[in-house]
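The values are calculated or read from the model by the stated rules, or taken from the named source; none is laboratory data. This one's a predicted model, so the numbers in the text were calculated from it and none came from an experiment. A quick note on method: Cβ atoms are made from the backbone with ideal geometry, for glycine too, and the neighbour counts reach across all protein chains shown.
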Amino acid sequence: DTGVSQDPRHKITKRGQNVTFRCDPISEHNRLYWYRQTLGQGPEFLTYFQNEAQLEKSRLLSDRFSAERPKGSFSTLEIQRTEQGDSAMYLCASSSTRTSGRLYNEQFFGPGTRLTVL
Amino acid sequence: GENVEQHPSTLSVQEGDSAVIKCTYSDSASNYFPWYKQELGKRPQLIIDIRSNVGEKKDQRIAVTLNKTAKHFSLHITETQPEDSAVYFCAAGPILTGGGNKLTFGTGTQLKVEL
């Protein structure tokens, strides 16, 4: 499967614990995005990278959240001191800035990591 | 920042009928408007998109129209089939320098196509 992959697919944790999610984008995609999706809502933008540089962070991303993309390939999203309000699906997407195919701007989504904070 | 509103939240149609979903956006800087389909338990998948320099785009049974002056855009699905049943999200955002985009999504429309 050459699509976007995320690990783990499900994570159950207790309030106050730290969690880390991983996203592997489509090979050679230089932009990588993180979103959060709660039940009945659309994905909410959290942050995005171009290569290893984090270019923008949403105000939704509190100081408990940190994201990295150290080598411009995979990315990690860490949540410290989790709260019940952090329970959601965390989606990763990637896109290429190089013109390829018909849908130049398409963001390809991963399957998501479902986080449950007890 | 951008704010995207989407209506209706649920839509039920008979197989073969047309379905229309409407979205409005607030930021005049947005110039890219994709539509995503998300089946239960699956990832969102792009079905069609439009840029602000185009008023309408069609791909087989689906089409999108954009009214930049009024800041609204719509998804039209003709000859609906049961496999069209899913949640549809509209989104809006600027095309970033160098490509890619930063998207604000609507709240979704649950489309149900009944036999």
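Here are the numbers for the structure shown:
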read-out: Among the residues listed as A:E56, A:E68, the single one being modelled with pLDDT of 95 or more and surrounded by fewer than 21 Cβ atoms within 10 Å (Cβ to Cβ); value: A:E68
read-out: The lone exception for A:L60 - which of (1) farther than 14 Å from A:L91 by Cα; (2) assigned to a strand (DSSP E or B) it fails; value: (2)
read-out: Hits in region A:26-38 - residues which are under 10 Å from the mean Cα position of the chain (by Cα) and either assigned to a loop (DSSP other than H, G, I, E, B) or crowded, with 23+ Cβ neighbours inside 10 Å (or both); value: A:L32, A:Y33, A:W34, A:Y35
read-out: Region B:53-109, residues that are part of a loop (DSSP other than H, G, I, E, B) and of a type in the set (D, E); value: B:E79
read-out: Matching entry among B:G93, B:G106 (being touching a Phe, Trp or Tyr at 6+ places or on another chain (Cβ under 8 Å), modelled with pLDDT of 95 or more and at the interface with chain A (Cβ under 9 Å from one of its Cβ atoms)); value: B:G106
read-out: Test for B:I50: is it within 27 Å of A:G110 (Cβ to Cβ), in a strand (DSSP E or B) and modelled with pLDDT under 95; value: yes
read-out: Residue in region A:71-95 that is surrounded by the fewest Cβ atoms within 10 Å (Cβ to Cβ), counting only those that are more than 14 Å from A:V19 (Cα to Cα) and aliphatic (A, V, I, L, M); value: A:L91
read-out: Members of region B:3-24 found to be crowded, with 18+ Cβ neighbours inside 10 Å, within 13 Å of chain A (Cβ to nearest Cβ) and of a type outside the set (S, T, N, Q), listed by number; value: B:V4, B:I21, B:C23
